[in-house]
Structure formats: C-alpha cells, structure tokens
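Some notes on the structure that comes next.
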Amino acid sequence: MIELAVIFAGSLTVLLITGWLAMTVLGKQRTFRARVERISERARPMTANERRARQLKRKMETSSPILEILANKLLPRPEAIRGRLQRTGRNISLGRYFVLSALIGAVWATFTAVFMGMPWFVNLAVGISLGIGIPHFVVGVLIQRRMNKFTVQFPDAIDLMVRGLRSGLPVTETIAACGREMSDPVGAEFRRIADAIRLGQTLEDALWDAARRLDTAEFKFFVISLSVQKETGGNLAETLANLSDILRARKQMKLKIRAMSSEAKASAMILGSLPFVMFGIIYLLSPEYEAALFTDMRGRVMLGFALGLMGAGILVMRKMVRFEI
C-alpha cells in the first residue's frame, strides 16, 4: 500500500511539473503574440467599434463563459481572485483557475480515499483545502516574483522619466517612452497607463488604477509625488530624482534586513523540516514501528492532526522571520 502511494505521488508530481512547463512555454508564446498584436494595433488606427470587438474577442478566447459563471458562483470572493490573477501579469482567467482548483481537490481527495482510507468528510475537507490552498499559494508566488522584478526595475524607469523631463518632454510622453524602452513588467504597466491616457482617461486616474492593480508601496510613492506636484507645482524632475534615490535606499535597507534575518530563517527551516526528516529516517530503519500510523484509523487521525499542527507551526515561524519596511 505504501509503495502504491509513493508511486501515485511521484506520478502526480511528474504530471504537475510537465503541465506547468507546458503552460509556461505556451504562456510565453501567447505573450509574444499578444505583444505583436498590441504593436500592430498602435500602428494602425482603429475605430471605437473595432476596438470593442477586438476586446470582446480577446475575452472570449481567454476562457469559456460557462467556466466563468461557475467560477463566480462557486469560488469564494471571485473579484479578489480575479484581481490577484491580473497582478501575476499572465493570461490566467478565473475559469482556468477554477478548473485547476477543482482538479487538484479531486486528485487529492481520491488519493486520501484510495490509499489512506480516510472517511468521506476527511477526504472532502482535504480536497477543498488543497484545491483552494495550492493555487492560491502558486498565484501568490507568481505575484511576489513579478512585484520583486518590478521593484528592481522601477528606479531605472524613474531615472528615464527624469532625463525626459529635463530634456523638455511632458509627463505623458515620458511615461510612453518608459513603456517603449523598459522591459516587462515595468514596461507593460507604463504602456497600459499610456494607452489609458490616449483613450481619454486623466493621468491621475490612470496612475491610481495602476497603483490599485500593482499594490506596491514604491509605485504609490510615485503616484503621490506626481499628485502633490500637480497641486503645489515645483521641479518635477528634481522630485522624481529624489524619489529614485529614496527607492534605491529602501531596497538596500530591505537587502540588509534580509541578510541580518537569514540566521533566523535558516533556524526556522531546520526546525520545520526536522520532524519530517526524522520520520523518514525512522521509517527507513524500522518500517513496522510507524506502520500503525498508516494501517490503523486512530494512527491516521493522529497523523492528520500532527500534519495540521506542523503546518500551523511552520506558518507561525514563517511569519516571525519575515520583516516588512
């Protein structure tokens, strides 16, 4: 039974990794094609009806309407999830997110039912928890990775704006220049702001929409600086140059805090992984000593509670060693 569980878990892991790699490659190809289409749209003027038809077609190609309806009905807080998916910078619709959550929940509920013999309510709880938790965690990792990349590139974009302002360009033109010259994700966000301004939205509204979409302190500092300068006047180039220096100093402070807290993080990783390592070593040396945890229902319940408590402890230690500035 244990060998079958190991084979099943290994096959599932290989399948998930293969699917993730395939989605990554296809996602990069779709991103490249979408960028070519956006460039061609900017080069060729389009009427309002054509633009609305193109946007509707893009939405229909992204996901099935039936999946979108099911996701809105069954997923908790669908608008918040949709906002998180947009923050990843990837073409992930709410319908696809719902299908992935349902598949993960069904697979793990089947795993606990077939190989661990858990009651139906335990299988249901495990399936729902993992079906919601694993995609949420993966999306969080994608968001954090994109935001870290944005934070690293953002001071360079501000410096580019400062050079444009000192050469006599208006703010909107410097934003469009950043969208053309900077790589993603900074370039993509600035291009989106420039497109919103061309469609008639005010600069301040477009910037605040981007700030709500990105939800990073660095970009909010940038929007506040532009808003204050618009109300009070002054040298905008000098203000943005000072902001660029502040953001770089803030990044250096974050790196210093990360270096100083690395010892605590290493200790937390060791404490969190030690029970699992010892469990595996004991099982290799004496399998019958731990066999009751898998064959007896009381042992399975104890093992489930132990995993839950260990997970809670790991989350607490992770929260304790993370510092925000």
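The values are calculated or read from the model by the stated rules, or taken from the named source; none is laboratory data. The shown structure was predicted, so the numbers you read here are calculated from the model rather than taken from an experiment. Cβ sites come from the backbone with ideal geometry, for glycine too, and all protein chains shown count toward neighbours.
Observations, loosely collected:
- The sole residue among Leu226, Leu214, Leu247, Leu236 that is over 24 Å from Gly89 (Cα atoms) and in contact (Cβ under 8 Å) with a residue 60 or more places away in the chain is Leu236.
- Picking from residues in region 178-207 that are β-branched (Val, Ile, Thr) and closer than 17 Å to Arg87 by Cα, the one that is surrounded by the most Cβ atoms within 10 Å (Cβ to Cβ) is Val186.
Rundown of residues vs (1) assigned by TED's automatic domain parsing to the domain that holds Leu303; (2) among the hydrophobic types (A, V, I, L, M, F, W, C); (3) over 27 Å from Arg322 (Cβ atoms); (4) part of a helix (DSSP H, G or I), yes/no style:
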residue	(1), (2), (3), (4)
Val114	no, yes, yes, yes
Ile134	no, yes, no, yes
Val162	no, yes, yes, yes
Leu169	no, yes, yes, no
Thr172	no, no, yes, yes
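- The combined condition, being of a type outside the set (D, E, K, R), loosely packed, with under 14 Cβ neighbours inside 10 Å and over 21 Å from the mean Cα position of the chain (by Cα), is not fulfilled by Gly164.
- Subset of region 109-168 [of a type in the set (Val, Ile, Thr) and within 30 Å of Leu236 (Cα to Cα)]: Thr151, Val152, Ile158, Val162
- Residues considered: Ile175, Ile104. Of these, the only one that is closer than 27 Å to Gly83 by Cβ and touching a Phe, Trp or Tyr at 6+ places or on another chain (Cβ under 9 Å) is Ile175.
- Any hit, region 262-281, residues being in contact (Cβ under 8 Å) with a residue 60 or more places away in the chain and over 23 Å from Ser167 (Cα atoms): no
- Of all the numbered requirements in (1) exposed (fewer than 14 other Cβ atoms within 10 Å of the Cβ); (2) under 24 Å from Ile134 (Cα atoms), Val321 misses one, and that requirement is (1).
- Test: residue in region 118-126 that is buried (at least 19 other Cβ atoms within 10 Å of the Cβ), in contact (Cβ under 8 Å) with a residue 12 or more places away in the chain and touching a Gly at 6+ places or on another chain (Cβ under 9 Å): yes
- Close pairs (8 angstrom Cβ cut-off, 6 or more residues apart or separate chains): closer than 18 Å to Ala241 by Cα in region 165-193, surrounded by 15 or more Cβ atoms within 10 Å (Cβ to Cβ) and of a type in the set (Ser, Thr, Tyr) anywhere: Leu165/Thr174
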